[in-house]
1. As an exercise: evaluate I267 against (1) touching a His at 6+ places or on another chain (Cβ under 9 Å); (2) among the β-branched types (V, I, T); (3) surrounded by fewer than 16 Cβ atoms within 10 Å (Cβ to Cβ) and give the number of the one condition it does not meet.
2. Considering only segment 173-189, state which residues are assigned to a helix (DSSP H, G or I) and either basic (K, R) or out of contact with any Ser or Thr (no Cβ under 9 Å at 6 or more places or on another chain) (or both).
3. Just name the residue that is surrounded by the fewest Cβ atoms within 10 Å (Cβ to Cβ) out of those in segment 1-37 that are of a type in the set (D, E, K, R) and over 14 Å from the mean Cα position of the chain (by Cα).
4. Confirm whether K42 is in contact (Cβ under 8 Å) with a residue 24 or more places away in the chain, surrounded by fewer than 16 Cβ atoms within 10 Å (Cβ to Cβ) and basic (K, R).
5. Could you grab the pairs with beta carbons closer than 7 Å, sequence gap of 6+ or different chains, first residue in segment 214-240 and more than 11 Å from T253 (Cα to Cα), second one in a helix (DSSP H, G or I) and of a type in the set (S, T, Y)?
6. Scan segment 242-268 and report the pairs whose first residue is over 18 Å from D227 (Cβ atoms) and whose second residue is crowded, with 19+ Cβ neighbours inside 10 Å and polar (S, T, N, Q), with Cβ atoms within less than 6 Å and a gap of 6+ or a chain change.
7. Can you tell me which residue is modelled with the highest pLDDT among those in segment 194-212 that are of a type in the set (D, E, K, R) and surrounded by 10 or more Cβ atoms within 10 Å (Cβ to Cβ)?
Amino acid sequence: MTKKIMLDPGHGGHDPGAVANNLKEKDLVLKIAKKTKAILEKVYGATVKLTRSTDVYIDLSQRARLANNWGADYFASIHINGGGGTGFETFRFDKLSAASSTGKQQKIVHDSIYKKIKEKAGDRGTKSKNLAVLRETKMPAILTENLFIDREKDAALLKQESFLDALAAGHADGIASAVGLKKVSSISKKTTAQPKSTLNKKYMLPTGIYKVKTPLMRGDAVKQIQDALAALYFYPDKGAKNNGIDSYYGPKTANAVRRFQLMHGLIADGIYGPKTKANLEALLK
């Protein structure tokens, strides 16, 4: 049975949230929320809504009402911190203990996110606070604070698309685990959108190690990797000619591999090898 997840990108419109280092909180959290939504829908089969999908302002009580009226099973408000600290932290409503069901779910989501970024960011822990979106929502709820926008090193990470992908993957995996969702077949989720001629397409994948080197690795084997990634929507260069499928193992293909690895709990080094091959094959069966 699917679950209804409400994602809440903080701030918006005339309220930019925290601003520093040429970044605005409202923009970052909307990107993370949209990426999280895509993973929850595609990988876990969840039904997901956003409190805002564009740059508009919605007051805090309205955000809670949207989730309550919809009957969401879980609510996650996504934020970026500010004020001179560093690292990652999460909050639950302060009237609920760490031993409560909400507290236990908070720990699951928190640990899932931090697992994705622990090599680059510190852990400020699970906390509680009397925040409106946590107080007024009727379902289990969490608020995440994803690094500090006003710390230069944190901001440098937040400017990296691969780091935002990691945050989104952590949010999605954690929320799915907290509400009891299992992964669904990526191919079966996309059959309604694919041409009939590609539904049963078999993807051959090469053995060996492929990575960025000079001169660039190229050929049919690289194209097989690119085709498999594209079938799962990890395009080397979405929007470019043929979505970047060009038979060259360059930085953009390595980045697509890295994004795939991040989402599936692998070492995210952008190098195609046996473990990445095995995960791709499992999803493409």
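The values are calculated or read from the model by the stated rules, or taken from the named source; none is laboratory data. Keep in mind the model is a prediction, meaning the values are calculated, not measured. All Cβ positions, glycine included, derive from the backbone under ideal geometry; neighbour counts span all protein chains shown.
1. Here I267 clears every test but (1).
2. V179, S186, I187, S188, K189 - these are the residues of segment 173-189 that are assigned to a helix (DSSP H, G or I) and either basic (K, R) or out of contact with any Ser or Thr (no Cβ under 9 Å at 6 or more places or on another chain) (or both).
3. So, considering only residues that are of a type in the set (D, E, K, R) and over 14 Å from the mean Cα position of the chain (by Cα), the one surrounded by the fewest Cβ atoms within 10 Å (Cβ to Cβ) is D15.
4. Criteria not met by K42.
5. Hits for this filter: L232/S186.
6. A268/Q261
7. K211
Here's the yes/no breakdown for (1) of a type outside the set (A, V, I, L, M, F, W, C); (2) on the phi < 0 side of the Ramachandran plot; (3) buried (at least 18 other Cβ atoms within 10 Å of the Cβ):
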residue	(1), (2), (3)
A46	no, yes, yes
R52	yes, yes, yes
Y57	yes, yes, no
A64	no, yes, yes
F75	no, yes, yes
I80	no, yes, yes
G84	yes, no, no
